[in-house]
1. Between LYS44 and LYS366, what is the FRET efficiency for a Förster distance of 30 Å, r being their Cβ-Cβ separation, to the nearest 0.05?
2. For LEU273, which sequence-distant residues (separation of 5 or more, or a different chain) have an amide H within less than 5 Å of its own amide H, given hydrogens modelled in the peptide plane?
3. log₁₀ I(q)/I(0) of the chain at q = 0.06, 0.12, 0.13 Å⁻¹, via Debye over equal Cα point scatterers, no solvent, to two decimals?
4. Only Cα pairs within less than 10 Å get springs; with that Gaussian network setup on the chain, which residue of ASP247, ASP306, ASP83 has the largest fluctuation?
5. Of the listed peptides 250-260, 359-369, what is their order by residue-averaged count of other C-beta atoms within 10 Å, with the highest listed first?
6. Using 0.36 nm per residue of separation minus the Cα-Cα distance, give me the extension gain between GLU285 and LYS300 in nm, one decimal.
7. Most mobile of MET190, MET213, MET316 per a Gaussian network model of the chain (Cα springs, under 10 Å)?
8. In the neighborhood of ASP342, defined by Cβ-to-Cβ distances under 14 Å, what is the net charge if each Lys or Arg adds +1 and each Asp or Glu adds -1?
Amino acid sequence: MKKTFGSIIVKLTVAMVLCLSLILTGHVPAQAENTVTIASIFAKTGPAAAGNLHQIQAVRFAVGEINKNGGLLGKKVKIIEFDNHSTPIQSKLAAKKAKKAKVTAVIGCSWSSHSIAMASTLQKAKIPMISPDSTNPKVTLKGNYIFRACFIDPFQGEVLAKFAHEELNAKTAVIMTKITSAYSLGLAEMFTKFFKQNNGKILAELEYKDGQMDFAQIISQTKALSPDVLFIPGHDESGLIVKQAQDDGITAIMLGGDGWAHQQFFSNGGNELKSGYFTNHWSKELDTQKTKDFIVRYRKEYELNDFAAVAYDAVMLMANAIKVANSTDGTKIRDALAKTKDFDGVTGMISFNETGDPVKQAVVQKITDGKARYFKAVHP
């Protein structure tokens with residue numbers, strides 16, 4: 001009897017030591033806890049960090065609301081945040097860390113090149129992923145566990161090309177493309193395709209690199225060509241380009257994609273832009289009750305920005321799929337996501353097509369004297 005009791009004590013001691021070791025080293029499996037664990041993968045450092053902060057905050061806000069309303073499947077939702085350091089390779093490493101942590105799902109990334117890099121890892125692990133705003137078509141082509149909450153570049157490019165033709169009466173265009181960005185390259189390609197379909201002429205596609213600060217050469221080339229529109233499918237750096245172009249006397253109407261929606265675009269020089277247009281996923285001026293209610297709630301915790309709503313919708317789409325699946329099993333959640341129809345999001349009604357891309361509206365915003373305002377909504 002004493003020997004049996006002693007054996008039990010030894011076994012319990014070993015088990016306690018093992019558990020303590022796991023806790024201290026941070027290797028407790030996420031699903032072992034009484035939570036539904038979701039990974040948030042965005043840039044906290046590097047050139048994408050300033051813009052990605054908006055998505056990080058919106059994910060936190062959405063999860064906070066879910067938990068206030070009882071969580072998911074009777075459990076609290078827990079976020080594990082991973083920094084992708086603004087690079088594709090670190091995005092892939094972050095996905096591997098999320099897999100090791102045995103998360104239920106992933107929200108992220110923001111930049112298309114980052115999402116493309118990590119998608120294969122999550123697809124192989126059968127972990128469903130939703131990117132809030134990666135618009136390059138290649139993202140969801142990585143597999144059937146990969147989704148997004150935003151429109152894609154073919155639609156965005158078509159909207160911008162038709163807008164340039166129909167609203168601006170543009171016949172010629174110059175495109176400035178960041179050759180190190182999958183987003184920039186993809187959107188430039190789509191704009192070119194649809195602009196030509198509307199009998200427009202691309203006078204030149206000029207290139208620049210990540211981190212470049214002086215655009216004098218390509219601005220000079222643009223000025224000599226005198227296009228009707230100057231299309232710059234970039235991110236934060238686009239603000240610097242439009243400022244330098246405007247200062248150099250370029251009178252072409254300036255166009256951009258959703259990369260212009262970041263506040264950093266305006267702080268980099270876009271606040272001096274006299275006139276321009278860009279596509280966006282959402283506008284705080286949308287006249288819907290969903291938008292009005294969201295703005296009131298969100299402003300209580302964070303500064304409102306144009307990417308808050310689409311990141312919020314990404315989390316809510318995933319949460320809805322988990323509820324419908326009534327499970328934390330990745331395959332069941334994926335199946336529920338694929339069947340999502342007419343989800344009433346802050347950014348509009350969302351239905352997923354066969355490639356995991358949402359069928360939804362785009363918003364065109366007009367910049368006047370450095371301030372962006374809602375101009376019109378365009379539906380598929």
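1. Working from the Cβ atoms, E equals 0.40.
2. GLY370
3. -0.25, -0.87, -1.00
4. Comparing ASP247, ASP306, ASP83 in the GNM, the peak value goes to ASP247.
5. Taking the mean over residues of other Cβ atoms within 10 Å, the ranking is 250-260, 359-369.
6. 3.6 nm
7. With Cα springs under 10 Å in the chain, the top fluctuation among MET190, MET213, MET316 is at MET213.
8. Residues near ASP342 contribute +2 overall.
None of the figures in this text is laboratory data; all of them are computed from the coordinates on show. Nothing here was measured: the structure is a model prediction, and the numbers come from that model. Don't worry about glycine lacking a Cβ; one is built from the backbone with ideal geometry, like all the others, and counts go over all protein chains shown.
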